[in-house]
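The values are calculated or read from the model by the stated rules, or taken from the named source; none is laboratory data. For clarity, every value in this text was computed on a predicted model and none was experimentally measured. All Cβ positions, even for glycine, are placed from backbone atoms using ideal geometry, and neighbour counts span all protein chains on display.
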Amino acid sequence: MLNKAAANNDKKDWTISDLISLGMLIVTTFLAFFTFQLYNTAVKDSRTADTSAKAAVFAAIIAKQTFDATKRYNDSSLAIQQKVFGETKEYNTGSFDIQKRAFEGSSLDSKERFKRDTTALGLQIQSLKQNQKQFIKQNEPYLQVYIDSISINKSIINYKRADIFYTLVNLTPIPVKIISQKGNEIFSFKPPVNISNAPLVDAGDINYYVIKESPQNRKLTITTNLYEEDIKNIMEGKWSTYWIDEISYENLISGKIKTYKFSVKITRFNNRGTYSEFINNDNSEEK
């Protein structure tokens with residue numbers, strides 16, 4: 001009974017060992033299989049990593065080639081740009097020089113034109129001033145005396161009278177009014193000294209008008225103390241009569257006062273009329 005019981009116990013113990021061994025085998029097998037799967041995964045990962053590494057290297061090579069190509073393109077483009085810039089700079093420099101010369105030439109031309117224009121303007125102004133003076137002169141009254149004749153009459157003893165017949169003419173269309181007249185006569189066989197300083201006395205009518213279309217025929221009468229021989233010399237032309245006169249007149253357009261001063265040598269010839277020669281003859285505006 002004891003041996004049988006011992007045999008049963010041994011059988012029971014092996015069975016447990018076997019079970020344990022079987023379990024360990026299963027676990028080992030499972031671990032081996034799992035390890036193998038891990039190994040396969042690792043191998044696959046290793047291959048993937050290698051492929052990734054190779055891809056990375058290839059990408060790096062492509063990137064370097066791309067960089068080199070880009071660098072060459074950029075260098076070539078830079079060279080082209082530098083060349084174009086140089087040509088553009090040269091062109092701009094040449095264009096600037098041309099523009100500068102054109103500007104300088106234009107500036108010189110402008111100065112010359114300004115100089116010519118200034119000169120022309122000065123001449124025009126001078127011409128206008130001259131025309132203005134000429135216009136004023138042409139539109140200012142201007143008197144002129146024409147001697148017609150001279151005679152000496154004796155009415156009574158010791159009373160002698162010299163008459164000068166003359167025509168007073170206004171040479172312009174501007175009407176004037178005679179406001180005063182002073183004169184003197186000197187009878188001599190030669191010109192008197194300082195004839196312009198001879199004393200003058202009131203003579204002739206005043207407050208009459210002289211216009212161009214109507215000259216004034218006038219007579220100046222002066223009382224003299226001539227001897228018979230003096231009168232004979234005058235009438236025969238051996239002596240001359242020097243008439244000094246001042247006529248003041250008003251410009252009826254502008255209201256200006258002018259003076260007509262003249263000195264005239266009058267010589268009478270019996271059969272040849274009267275000859276006159278002006279010594280002074282001037283119209284001037286009173287200041």
Restricting to segment 230-247, what's the tally of residues that are charged (D, E, K, R) and at pLDDT 85 or above? 3
Residues that are under 19 Å from residue 253 (Cβ atoms) and surrounded by 15 or more Cβ atoms within 10 Å (Cβ to Cβ), drawn from segment 178-190: 178
Hey, could you check segment 212-229 for residues that are farther than 22 Å from residue 200 by Cβ and surrounded by 13 or more Cβ atoms within 10 Å (Cβ to Cβ) and say which is nearest to the chain's Cα centre (by Cα)? 212
For segment 166-177 the number of residues that are out of contact with any Leu (no Cβ under 8 Å at 6 or more places or on another chain) and either assigned to a strand (DSSP E or B) or of a type in the set (Gly, Ala, Ser) (or both) is 1
Of the conditions (1) at pLDDT 85 or above; (2) touching a Gly at 6+ places or on another chain (Cβ under 9 Å), the single one that residue 201 does not satisfy is (1)
Identity of the residue in segment 215-225, under 19 Å from residue 147 (Cβ atoms) and out of contact with any Ser or Thr (no Cβ under 8 Å at 6 or more places or on another chain), that ends up modelled with the highest pLDDT: 219
Between a first residue in segment 210-229 that is closer than 17 Å to residue 164 by Cβ and assigned by TED's automatic domain parsing to the domain that holds residue 200 and a second residue that is acidic (Asp, Glu) and buried (at least 16 other Cβ atoms within 10 Å of the Cβ), which pairs have beta carbons less than 7 Å apart while being 6 or more apart in sequence or on different chains? 222/185
